[in-house]
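Chemist: Handing you a structure now.
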Amino acid sequence: MKHDTKRLRLLTLDEAHDLLRVLRTMAQEGGTSVGEADRLVREIGARIPSTH
């Protein structure tokens, strides 16, 4: 990862949960980007609190 890239503003908690739902759906459906979606689900999921 380049360290000179600009960071975007943080996601709200609701946005992060929405993104996780989309990525989980992609990972479950398969396709060419399933590996990347699964990786992002784990990465983002580890950083946000659960809704339960």
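FYI, it's all coordinate maths here, none of it is from the lab. All of these numbers come straight from a predicted model, not from anything done at the bench. So basically every Cβ, Gly included, is an ideal-geometry build from the backbone, and we count neighbours across all protein chains shown.
Chemist: Using only the alpha-carbon atoms of the range 3-47, report the extent along each of the three principal axes, biggest first, to the nearest angstrom.
Modeler: 32, 25, 15
Chemist: Just add up the charged neighbours of LEU11: K/R +1, D/E -1, any other residue whose Cβ is under 11 Å from the Cβ of LEU11.
Modeler: Taking every other residue near LEU11 into account, the sum is -1.
Chemist: Taking the Cβ of GLY45 as the centre, find all other residues whose Cβ is under 12 Å away and add up their charges (Lys, Arg: +1; Asp, Glu: -1).
Modeler: Around GLY45, the charge tally is +3.
Chemist: Once phi is turned into θ = phi - 60°, what whole-Hz ³J(HN,Hα) does the Karplus curve with 6.51, -1.76 and 1.60 give for every residue of the range 29-42, x standing for Gly and Pro?
Modeler: 7, x, x, 6, 9, 4, x, 5, 4, 5, 4, 5, 4, 5
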